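See structure below.
The values are calculated or read from the model by the stated rules, or taken from the named source; none is laboratory data. What you see is a predicted model, and the numbers here were worked out from it, not measured in a lab. Positions of Cβ are backbone-derived with ideal geometry, glycine not excepted, and every protein chain shown enters the neighbour counts. Heavy atoms of the whole protein, side chains included, go into the accessibility calculation; ligands, DNA and RNA do not. Shrake-Rupley method; radii C 1.70, N 1.55, O 1.52, S 1.80 Å.
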Amino acid sequence: MFEPVRADLEEVEREFERQVQSKVGVIPEIGKYIQKSGGKRVRPAVLLMAARLCGYSGPRAILNAAVVEFIHTATLVHDDIIDDAELRRGQKAVHSQWGNDVTVLAGDFLYIKSMAMALTQDTLDVVRLLCDVTLRMIEGELYQLTKNGVVDLTEDEHFEIIRRKTAYLFGGCAQIGGMLGNIGEQGELDLREYGFNLGVMFQLVDDLLDFTGEAETLGKPIGGDLREGKITLPIIHLLQNGGPEANTLIRNVVKDRDVSAADWARIKVLLAEHQSIDYAYARAVEFGESAKRHLLLFPDTPERDALMALADYVLWRDR
């Protein structure tokens, strides 16, 4: 799927490693640890393929792809502290290895470094976009914290969290590709909408994996979102349709920040009975189809095919 930009993604990895160097030894040490943990590099791939779709391939695409990976990584590092998550992609989270104080500052380094990188060879329009996306992501994290443990979260509130924490960065990645290729305002908007809808779908499916995935595959404990007080779309739907039993089970898990194997099994049965998983998948499908529609005006190229295939892969990756 990423074959059109495989060589570019390898360059992004090298750029990440080069830019994370510092005379303060713990910074490159943490950078190497993060790189070793893997990750799909979806966001850089979206930027690189969007740029190629618009006729651009060159060093500015590599640089900006590394920038968005820095921003995304900084977010993950800070999120794991906030969530007190012990694992990330199957290995100890950075704060579990180095402690909260060092990890907060490492995340700050990644944020500031990303903007310093963008300023080295890019237009202010791209830098403004990156700043706007980063601010929205931080606002999203703060907004989610205010809603943590709120069992009666509405769908609108949940989607606002998704838009800010995930979708705007995906949209920005695709739009930057268009900006590098000088595709014009309408082309940029179509790419932004592709990325934005892809990001919403990505997060909806990621939330579903908490109920349908395996702990070994996820690299984190099953049911972690609910135990952390995060109410996602399947749970919102179940609370609306599952009656008193579902309501009591969910509220007890959120209150206790823990769930027994028996209660978790019962929650999964109720999710199936009330088609809450199917409902969330259906919403993800809507966003996936919307994402692909925004690509239809672009030339039929391997890059467009790859971006189309990415939407399908994100939707069905756990089935």
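Nearest 10 degrees, 0 to 90: what angle lies between the long axis of helix 100-121 and the longest principal axis of the chain (Cα atoms)?
30 degrees
Explain nothing, just the number: relative contact order of the chain, from Cα pairs under 8 Å at least 6 residues apart, as a whole percent. Numbers along the way, then the final one.
Values: 437 pairs, mean separation 63.6, N = 319.
For the chain, the relative contact order is 20 percent.
Using the Cβ atoms and a cut-off under 9 Å, what net charge is assigned to the surroundings of ARG41, where Lys and Arg are +1 and Asp and Glu are -1?
Every neighbour counted, the sum reads 0.
Per the 1.4 Å probe, what fraction of the accessible area of the range 20-128, in percent, lies on carbon and sulfur atoms? Let's see the in-between values first.
Numbers: 2560 of 4710 Å².
Answer for the range 20-128 is 54 percent, counting heavy atoms of protein chains only.
Where does helix 124-147 land angle-wise versus the long Cα axis of the chain, in degrees 0 to 90, nearest 10?
Approximately 10 degrees, to the nearest ten.
Apply the Karplus curve 6.51 cos²θ - 1.76 cosθ + 1.60, θ = phi - 60°, to the phi angles in the range 240-251 and return the couplings in whole Hz, x for Gly and Pro.
Here the 3J(HN,Hα) series is 6, 10, x, x, x, 4, 4, 4, 5, 4, 5, 5 Hz.
Name the residue farthest towards the positive end of the dipole of the chain from the options LEU87, THR154, ALA118, assuming +1 on Cβ of Lys and Arg, -1 on Cβ of Asp and Glu, about the Cα centre.
Of the options given, the answer is ALA118.
Which far-off residues, 5 or more places away or on another chain, put their amide H under 5 Å from the one on GLN91, with H placed in the peptide plane?
Here the answer is none, since no amide H 5 or more places off falls under 5 Å of that of GLN91.
With every protein chain left in place, what is the accessible area per residue of the range 209-319 in square angstrom, probe 1.4 Å? All intermediate terms of the calculation are to be shown ahead of the outcome.
On the way: 5360 Å² over 111 residues.
That works out to 48 Å² for each residue.
According to the Kirkwood expression over distinct Cα-Cα pairs, how big is the hydrodynamic radius of the chain, in Å?
Numbers: mean 1/r = 0.0494 Å⁻¹.
For the chain, inverting the mean 1/r across all distinct Cα pairs yields 20.2 Å.
If Lys and Arg each add +1 and Asp and Glu each add -1, what is the summed charge of the other residues whose beta carbon sits under 15 Å from the beta carbon of SER290?
Details: positive: ARG163, ARG192, ARG283, LYS292, ARG293; negative: ASP190, GLU193, GLU286, GLU289, ASP312.
Spelling it out: positives minus negatives among the neighbours equals 0.
Report the local net charge at GLY181: Lys and Arg +1, Asp and Glu -1, summed over other residues whose C-beta lies under 11 Å from its C-beta.
Numbers: positive: ARG52, ARG60; negative: GLU188, GLU303.
Net of charged neighbours comes to 0.
Highest mean first, how do 248-257, 301-310, 61-70 rank when packing is the count of other Cβ atoms within 10 Å averaged over residues? Mind dumping the intermediate values first?
Numbers: 248-257: 15.6, 301-310: 18.8, 61-70: 25.8.
So the peptides 248-257, 301-310, 61-70, ranked by packing, come out 61-70, 301-310, 248-257.
Give LYS230/LYS268; LYS40/LYS147; LYS40/LYS292; LYS40/LYS165; LYS36/LYS92; LYS36/LYS113 a once-over and call out the pairs whose C-alpha atoms are over 23 Å from each other. Don't skip to the end; give the middle numbers.
Numbers: LYS230/LYS268 16 Å; LYS40/LYS147 28 Å; LYS40/LYS292 20 Å; LYS40/LYS165 18 Å; LYS36/LYS92 12 Å; LYS36/LYS113 20 Å.
LYS40/LYS147, as the Cα separations exceed 23 Å there.
What accessible area per residue comes out for the range 1-116, rounded to a whole number of Å², with a 1.4 Å probe? Please report the intermediate quantities before stating the final value.
Working: 5150 Å² over 116 residues.
Here the per-residue accessible area is 44 Å².
Taking Cα atoms of the range 122-272, Rg/Rh with Kirkwood Rh, to two decimals?
Numbers: Rg = 18.2 Å, Rh = 16.9 Å.
That ratio equals 1.07.
I'd like the carbon and sulfur percentage of the solvent accessible area for the range 229-319, probe radius 1.4 Å, heavy atoms only, ligands and nucleic acids excluded.
Working: 2390 of 4460 Å².
So the carbon and sulfur contribution to the accessible surface is 54 percent.
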